[in-house]
Amino acid sequence: LAASATLEIGKDIYRVNELLNGDFQVWQHGIAFDSVTPAAGGNDDGEYFADQWILLSDGNDVVDIDRIVVGVGPEARGLARFTVVDSTKKFGFLQILDQRTTKFLRNQPMSFSIRMQGDNDLRSFKMLVLAWSGTPDAPTIDPIATWEAATVLPTLAAGWAISPGGEYDFETSGSGHSTFTLENITMNAPGGMENLGFLIVSNDGGYSNGDVVDATCAQAVRGEFATPFRPRHFSEEFALCERFFCKTFDDETFPVAAVGLNTGCIEAFGQDEGGHQGCGTAYWQFPTRMLKAPTIATYNPVTAANVNWRRTNRAYGAGADIAIVTGTPTTRGMAFGSDASPALADAILQIHATADARF
């Protein structure tokens with residue numbers, strides 16, 4: 001005698017969100033973006049704002065962006081607020097999944113969702129599921145070649161295509177957040193799919209400067225229907241984002257020189273335990289294995305616009321800038337050295353750094 005049972009999975013079952021930072025809770029570059037903040041060009045076309053999210057716009061300074069954490073509801077830990085600065089231009093935001101994740105999703109049914117609220121006349125948007133067919137993990141981060149007229153589908157750049165069935169128009173409401181879904185899309189594309197892109201673009205020609213739209217709970221899950229959004233714990237989300245970008249600065253501090261000594265810097269010492277004088281060396285082991293060998297940038301913690309070590313004297317705090325010597329980064333970390341010519345006895349060397357393995 002044999003018995004069998006069929007398990008039916010309901011729509012209230014949570015599934016893994018393949019998007020990172022879907023509720024916009026991690027912002028390693030700062031929490032407010034406009035033409036001067038956190039640095040000149042902070043809201044330019046093709047710039048990252050919240051971790052893993054790229055701002056796209058028909059020119060620069062089209063929208064300002066802010067992180068909001070109050071009143072976002074129980075389903076999310078944050079949201080991104082876009083405020084229109086130039087109502088004559090279209091804008092959007094994009095996340096690109098890495099090749100390893102995309103490969104796992106090929107020919108699988110996927111469902112996408114996002115929670116948004118429009119304000120005043122900013123209501124109409126397009127959700128586009130994109131496929132990159134070029135070199136894996138080397139997509140152009142701006143998939144739009146021509147934005148076209150207000151309500152016309154943008155023309156995509158070479159190498160990008162809309163996955164079959166991956167286009168959905170929706171209208172937000174000014175009276176509250178609504179969840180918009182695009183379900184049961186089989187992930188493939190005629191030219192191939194090496195990286196997957198999730199894109200939201202404005203599709204409205206009637207909005208005005210000062211109009212606002214909020215976005216949160218962005219999700220891509222395997223399966224025929226979109227499941228409820230469940231936020232990851234901040235520490236988990238942050239660690240997943242660090243596979244693409246990490247830094248020695250505090251969580252939401254924009255990477256820049258002259259933020260001060262003893263602020264989480266990498267440290268090296270100018271002499272060994274035996275008191276032998278020499279050049280300082282240090283190894284920065286990244287918090288996690290990164291997507292690829294990253295690009296390293298260094299920031300002097302005291303001197304503005306300087307990429308070198310800052311020397312302090314252990315005895316009385318005297319300071320000077322010491323030329324840095326960098327090694328070859330791997331996915332795990334990188335060595336830092338210093339110019340051996342200065343006298344480094346009793347010296348402590350400090351420097352900040354970022355490691356960028358994003359697209």
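Filtering region 59-84 to residues that are modelled with pLDDT under 95 and basic (Lys, Arg) leaves only ARG77. Of the candidates ALA220, ALA215, the single residue that is open to solvent by less than 10 Å² (accessible area, probe 1.4 Å), under 20 Å from PHE49 (Cβ atoms), touching a helix residue (DSSP H, G or I) at 6+ places or on another chain (Cβ under 9 Å) and at pLDDT 95 or above is ALA220.
ALA189 passes every criterion in (1) in contact (Cβ under 8 Å) with a residue 60 or more places away in the chain; (2) of a type outside the set (Phe, Trp, Tyr); (3) open to solvent by less than 30 Å² (accessible area, probe 1.4 Å) apart from (1).
When ALA268 is tested against (1) part of a strand (DSSP E or B); (2) at pLDDT 90 or above, only condition (2) is not met. The requirement of being in a strand (DSSP E or B) and of a type outside the set (D, E, K, R) is satisfied by ALA145. The single condition among (1) over 24 Å from ALA32 (Cα atoms); (2) of a type outside the set (A, V, I, L, M); (3) not in a strand (DSSP E or B) that LYS89 does not meet is (1). Taken together, PHE244, PHE254 contain a single residue that is in contact with a Gly (Cβ under 8 Å, 6 or more places away or on another chain) and modelled with pLDDT of 95 or more, which is PHE254. Contact map, region 169-181: first residue open to solvent by 60 Å² or more (accessible area, probe 1.4 Å), second residue in a loop (DSSP other than H, G, I, E, B), Cβ cut-off under 6 Å, separation 6 or more or different chains; pairs are GLU171/ARG123.
The values are calculated or read from the model by the stated rules, or taken from the named source; none is laboratory data. Fair warning: this is a prediction, and the values are worked out from it, not measured in the lab. So basically every Cβ, Gly included, is an ideal-geometry build from the backbone, and we count neighbours across all protein chains shown. The accessibility values were calculated without ligands, DNA or RNA, using every heavy atom of the protein model including side chains. Shrake-Rupley method; radii C 1.70, N 1.55, O 1.52, S 1.80 Å.
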